[in-house]
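Report on the following structure.
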Amino acid sequence: MKKYLWFLFSFAVGAILGFNVWILHSLPNIEILKNYNPVLATRVYDRNGEWIRDLYTQRRIPVPLDSIPAYVKGGLISVEDKEFYHHHGLNYKRMIKAILIDIIKRRKVQGASTITQQLARNILLSPEKSFIRKFSEIYLALELERYYTKNDILEMYLNHVYFGYGNYGIEAASEYYFGKRVGEISLKEAAALVAIVRSPGYYSPYYHLDRCLRRTDLVLKSMLEEGYIDSSQLNEASAESLVFIKAEERKRIGPYYIETVKNRLKSILGNSYLTMGGYSVYIAMDKHFQEVADSIVEAGIEFVERKYRLKPKSEFPDSVAWRGNTPYLQGALVCMDPHTGDVLALVGGRDIKQSRFNRATMAKRQAGSAFKVFLYTAAIDNGYNPSDFILDLPIIVESQNKVYAPTNFDSTFMGKITLRKAFYLSRNLAAIRLTQQIGVFTIIDYAEKMGIKSSIEPVSSIALGPSGVTLLEMTDAFGTLDNYGVRIEPVIIKKIVDRYGNIVYEGNPARERVLSKQSAYIMINMLESVFNKGTAHRARMMGFTRPAAGKTGTANNFTDAWFLGFTPDVVTGVWVGYDYPHKIARYATGAGAALPVWVSFMKAVLDSTGPDFTEPKGIIHRLICEQSGLLATPYCPIVKDEIFIKGNEPDEKCNIHTKKQKKPPTSSFEKMDRWDF
């Protein structure tokens, strides 16, 4: 019998020892915490270093313990682990008490885990509930206390624990619930965060506010009992009203811009920017510009809906899944710094929740007359002058074995007019004739050099914009002119820094001179004419007073409305239309539908006055007779001050007005800023 009992005892001891050995070998090494790299949020900042948004699978923003207010630590210890500074990982009295209560109640009623145990469970173990995991938790808690100080354990805990809604750690929770850094929160706000951490779902302030407030009061009273605060602090905190940030107040800036950033990040870093995170991403966005763009595009399109009596977005149900295409009027905006390539603001649509399709970067739409900028740029760069004449008369065109007769927007003809006038009044027939002289492939070449990457059809009507292009491409191309002929690749991401402070990516955009400064300046000057007295003259009537240049664009049947324009500082493009191309409304032109959005945005982000465009060397002025296009004589009735590239100016005097007329001239021989319209 004694041998039998001895055998059982030996077997039991051996089994226990074997079990312990097996458990110990299967446990993670506590030293891995020395190099512990938790999943962090990737933080996105604008070009000025202002925080924009976090990208994450776990939103965690680590902070050192000395940046966390003492009352956060005191509140946590007072309700989660009163003996934290006195035990070595386990609170034996609390464990025995919890076991007895659970036995009496016949269910798990009271938790007994110390902060150290909770840390071991959260970082080193799986979430499954079992005896083996509990044993492992106890052992690891003891090991943690051997290797780390109490402050180390508290810091790891406060940076790791879950606070709900994807937020891990006290800093992320403080920003999410109160919009503050943890160092800025009040005593009561700290108590609320400690209350939430016990069970983020059960104590959610958004779904169970009463529970959250009751537990917050409990935390404050426990802090008083444990000596972390005095009665006056308790009374002051109790009188404070907690204000949690509401979902509607958590509006995200530039959702379409951020989607573009995420796509670029994936191409640069793969999925690690989410799976591990910890990156600081500095993007080209200007936060102020983007906030203005977000609101102006929506307000501007609502104005267009009212103006043309279109069915407003508000009358379409939010519950309908549009599969990327929406039935209501859409719009997009791109604003760039022409000198750096920085995309300062980007709006790809009205509601990213209903449609993630980015109309600024993905939609290829007919640019209409805005595409004429490439025709006239090619002409100027190949020796044509703004004062050269072109016929604005009916023409028959054969294209792709078809014959058609293009028309002007107003169905009238102006006869012989200058290139400048044909451009600022956007005369289609003159553009068709000039295309025949320049050649479609030359126009395509200039479009591509200036920033167009979409495929362009080599058709005779190319200058009227029949090919699909994106708003980002067109804005970039106009930026090439604004940058005096130097094309810069658009910049979305400027720099990426990893969690260790290493720069892993820098956006150094390619720069290439594709036009001479002189050709670019003449085009700028001609685009100023469009703005001041041509198809975009309404901008001045709307109160935009800065020096500016731009071009309207209206696609066939009024399906797409464009305006591309710039000042010496920024270039902005606006598109308005439906996802499924169909008529917006009769006479819904670029000037009527897109220009008002452009003006509202530019007035909001720029001062009312600003620098003028700088005339480069190699540009000369000559007084030209409007009728002959030659150097004016004292007898020419209408004289214009025109600009030329030096060496390409006319050298003949007017051969029409060679002697004094019977009637006095209508203008002097002085430089004139007024253009007839």
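The values are calculated or read from the model by the stated rules, or taken from the named source; none is laboratory data. Model, not experiment: these values are computed from the prediction. As a convention, Cβ positions derive from the backbone with ideal geometry for all residues, glycine included, and neighbour counts pool all protein chains shown.
Can you tell me which residue among ASP54, ASP46 is under 18 Å from the mean Cα position of the chain (by Cα) and either surrounded by 21 or more Cβ atoms within 10 Å (Cβ to Cβ) or modelled with pLDDT of 95 or more (or both)? Outline the logic, then answer.
Numbers: ASP54 fails: either surrounded by 21 or more Cβ atoms within 10 Å (Cβ to Cβ) or modelled with pLDDT of 95 or more (or both).
On inspection, the qualifying residue turns out to be ASP46.
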- Residues in segment 428-450: is at least one surrounded by 15 or more Cβ atoms within 10 Å (Cβ to Cβ) and assigned to a loop (DSSP other than H, G, I, E, B)? no
- Sole residue being out of contact with any Phe, Trp or Tyr (no Cβ under 9 Å at 6 or more places or on another chain), within 19 Å of GLU83 (Cα to Cα) and among the β-branched types (Val, Ile, Thr), chosen from VAL219, VAL182: VAL219
- Scanning segment 627-653 residue by residue, those without any contact (Cβ under 8 Å) to a residue 60 or more places away in the chain, assigned to a loop (DSSP other than H, G, I, E, B) and among the charged types (D, E, K, R) turn out to be ASP651, GLU652
- Query: Can you tell me which residues in segment 176-199 are more than 28 Å from SER231 (Cβ to Cβ) and buried (at least 16 other Cβ atoms within 10 Å of the Cβ)?
  - Reply: TYR176
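For residues that are among the small types (Gly, Ala, Ser), under 29 Å from GLY577 (Cβ atoms) and in a helix (DSSP H, G or I), tally how many sit in segment 249-307.
Start the filter on segment 249-307 by keeping residues that are among the small types (Gly, Ala, Ser), which leaves 254, 267, 270, 272, 277-278, 280, 284, 293, 295, 299-300.
Add one more test, that the residue is under 29 Å from GLY577 (Cβ atoms), and what stays is 254, 267, 284, 293, 295, 299-300.
Retained after the next criterion (residues that are in a helix (DSSP H, G or I)): 267, 293, 295, 299-300.
Going through segment 249-307 one residue at a time, the tally reaches 5.
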- Note on the structure: Exactly one of ILE253, ILE245, ILE229, ILE185 is under 19 Å from LYS73 (Cα atoms), within 35 Å of the chain's Cα centre (by Cα) and among the β-branched types (Val, Ile, Thr), and that residue is ILE185
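Could you tell me which residue of segment 142-195 is modelled with the lowest pLDDT, considering only residues that are part of a helix (DSSP H, G or I) and basic (Lys, Arg)? Quick ask: steps written out before the conclusion?
Filtering segment 142-195 for residues part of a helix (DSSP H, G or I) gives 142-147, 150-160, 170-178, 182-184, 187-195.
Within this subset, residues satisfying the condition of being basic (Lys, Arg) are 146, 150, 188.
Details: ARG146: 83, LYS150: 91, LYS188: 96.
If we take residues in segment 142-195 being part of a helix (DSSP H, G or I) and basic (Lys, Arg), then ARG146 is modelled with the lowest pLDDT.
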- Message: Show me the strands (runs of 3 or more DSSP E) found entirely inside segment 370-415 where at least 3 residues are touching a strand residue (DSSP E or B) at 6+ places or on another chain (Cβ under 8 Å) and surrounded by 17 or more Cβ atoms within 10 Å (Cβ to Cβ).
- Response: 389-392
- Query: So SER519 fits all but one of (1) at pLDDT 95 or above; (2) buried (at least 18 other Cβ atoms within 10 Å of the Cβ); (3) farther than 19 Å from ALA463 by Cα; what number is the exception?
  - Reply: (3)
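Quick one: in segment 200-236, of everything that is hydroxyl-bearing (Ser, Thr, Tyr) and either part of a helix (DSSP H, G or I) or in contact with a strand residue (DSSP E or B) (Cβ under 7 Å, 6 or more places away or on another chain) (or both), which residue is surrounded by the most Cβ atoms within 10 Å (Cβ to Cβ)? Spell out the reasoning first.
Narrowing segment 200-236 to residues hydroxyl-bearing (Ser, Thr, Tyr): 202-204, 206-207, 216, 222, 228, 231-232.
Those still in the list that are either part of a helix (DSSP H, G or I) or in contact with a strand residue (DSSP E or B) (Cβ under 7 Å, 6 or more places away or on another chain) (or both) too: 204, 216, 222, 231-232.
Values: SER204: 16, THR216: 25, SER222: 20, SER231: 8, SER232: 8.
This residue is THR216.
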- What strands (runs of 3 or more DSSP E) lie completely within segment 526-619 and have 2 or more residues being buried (at least 24 other Cβ atoms within 10 Å of the Cβ) and aromatic (Phe, Trp, Tyr)? 560-566
- When segment 202-226 is examined, which residues are found to be of a type in the set (S, T, N, Q) and more than 15 Å from VAL72 (Cα to Cα)? SER204
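Is segment 182-193 home to any residue that is without any contact (Cβ under 8 Å) to a residue 12 or more places away in the chain, under 29 Å from VAL39 (Cβ atoms) and out of contact with any strand residue (DSSP E or B) (no Cβ under 6 Å at 6 or more places or on another chain)? Can you show your working first?
Keep residues of segment 182-193 that are without any contact (Cβ under 8 Å) to a residue 12 or more places away in the chain, which gives 184.
This time we only want the ones that are under 29 Å from VAL39 (Cβ atoms), so: 184.
Filter once more, so that each one left must be out of contact with any strand residue (DSSP E or B) (no Cβ under 6 Å at 6 or more places or on another chain): 184.
Yes; the residues of segment 182-193 include at least one that is without any contact (Cβ under 8 Å) to a residue 12 or more places away in the chain, under 29 Å from VAL39 (Cβ atoms) and out of contact with any strand residue (DSSP E or B) (no Cβ under 6 Å at 6 or more places or on another chain).
Among the residues of segment 546-570, write down those that are under 18 Å from ASN483 (Cα atoms) and touching an Asp or Glu at 6+ places or on another chain (Cβ under 9 Å).
Here is the first cut: in segment 546-570, the residues under 18 Å from ASN483 (Cα atoms) are 546-551, 564-570.
Those that are under 18 Å from ASN483 (Cα atoms) and touching an Asp or Glu at 6+ places or on another chain (Cβ under 9 Å): ARG546, PRO547, ALA548, ALA549, GLY550, PHE566, THR567, PRO568, ASP569, VAL570.
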